[in-house]
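The values are calculated or read from the model by the stated rules, or taken from the named source; none is laboratory data. What you see is a predicted model; the values in this text were computed from it and never measured. Don't worry about glycine lacking a Cβ; one is built from the backbone with ideal geometry, like all the others, and counts go over all protein chains shown.
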Amino acid sequence: MRIGELSARTGVPVPTIKYYVREGLLPAGELSSPNQANYGDDHVRRLRLVRGLLEVGGLSVAAIGEVLAAVDDTERPVHKLLGAVTDRLVPEYGGEADEETVRARERVARLVEERGWRVSPQGPAGEALAAALAVLARAGHGDFAGVLDTYAEAAVRVARADLATLAGKTAREDLVESVAVGTVMGDRMFAALRRLAQTDASARAQEPPGAG
């Protein structure tokens, strides 16, 4: 197919497709003449992945390039591939580490050790959790960290459900797209479910004994 048809099939404007080719996010088409190139289904799939990572995942062009490099590295195990994706979906936290941050990092490290999780507490997700705990402590809500184990237990169940949705997917592009879209939208779904459950729990707590 020509680039115009590729654009029509994917909904991606021709100038954007050319930009992705220049940035190395999309392989160039096969030249059929000096000014014409043909594209195939692999280009359609790659464009769909790029758009998903950009629009849903919110990744930068540079981060997408890193993810695609992992996709194309067939020597990289799927576990490492998925890790490359999820790490880039977590916001980075910088700045000086004050006492609260140090204590929060220690708490995260203990949590990981106690649960036997095979993950580095210094990774992006661990740092994000430590940053959240530090903010709570600075705001005088350090006691909220007492529900950390309960949250961790719920996270384990959600993670297992997430992985179950990947069963049967073998194409690396499909796996990456599922993880990126599923993680971002799953976060939103879980947040919405939490709000619904909080409202229900609050309503039940206000009911007189024996009501309902």
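See the values below:
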| read-out | value |
| --- | --- |
| Subset tally (residues that are exposed (fewer than 12 other Cβ atoms within 10 Å of the Cβ) and assigned to a helix (DSSP H, G or I)) for region 126-146 | 2 |
| Test: residue in region 89-108 that is surrounded by 19 or more Cβ atoms within 10 Å (Cβ to Cβ), in contact (Cβ under 8 Å) with a residue 60 or more places away in the chain, closer than 29 Å to ALA137 by Cα and of a type outside the set (Val, Ile, Thr) | yes |
| Close pairs from region 133-154: first farther than 18 Å from VAL112 by Cβ, partner part of a helix (DSSP H, G or I) and among the small types (Gly, Ala, Ser), Cβ under 7 Å, at least 6 apart | LEU136/GLY142; LEU136/ALA145; ALA137/ALA104 |
| Residue under evaluation ALA205, criteria (1) loosely packed, with under 10 Cβ neighbours inside 10 Å; (2) in the same structural domain as GLU114 (by TED's automatic domain parsing), criterion not met | (2) |
| Top-ranked residue in region 136-186 [being over 17 Å from the mean Cα position of the chain (by Cα) and β-branched (Val, Ile, Thr); ranked as modelled with the lowest pLDDT] | THR170 |
| Among the candidates ASP162, ASP149, residue that is over 28 Å from GLY58 (Cβ atoms) and part of a helix (DSSP H, G or I) | ASP149 |
| Criterion violated by ALA109 - all others in (1) at pLDDT below 95; (2) under 23 Å from the mean Cα position of the chain (by Cα); (3) aliphatic (A, V, I, L, M) satisfied | (1) |
| Residue in region 22-35 that is assigned to a helix (DSSP H, G or I) and in the same structural domain as ALA180 (by TED's automatic domain parsing) present | yes |
| Condition met for GLY182 (small (Gly, Ala, Ser) and outside the structural domain of VAL108 (by TED's automatic domain parsing)) | yes |
| Test: residue in region 86-108 that is touching a His at 6+ places or on another chain (Cβ under 9 Å) and among the aliphatic types (A, V, I, L, M) | no |
| ALA167 part of a loop (DSSP other than H, G, I, E, B), on the phi < 0 side of the Ramachandran plot, surrounded by fewer than 15 Cβ atoms within 10 Å (Cβ to Cβ) and not acidic (Asp, Glu) | yes |
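Listed here are the residues, each with its yes/no results for (1) touching a Lys or Arg at 6+ places or on another chain (Cβ under 6 Å); (2) buried (at least 19 other Cβ atoms within 10 Å of the Cβ).
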site: VAL21; (1), (2): no, no
site: GLY29; (1), (2): no, no
site: GLN36; (1), (2): no, no
site: GLY40; (1), (2): no, no
site: LEU49; (1), (2): no, yes
site: ALA63; (1), (2): yes, no
site: VAL71; (1), (2): yes, yes
site: THR74; (1), (2): no, no
site: LEU82; (1), (2): no, yes
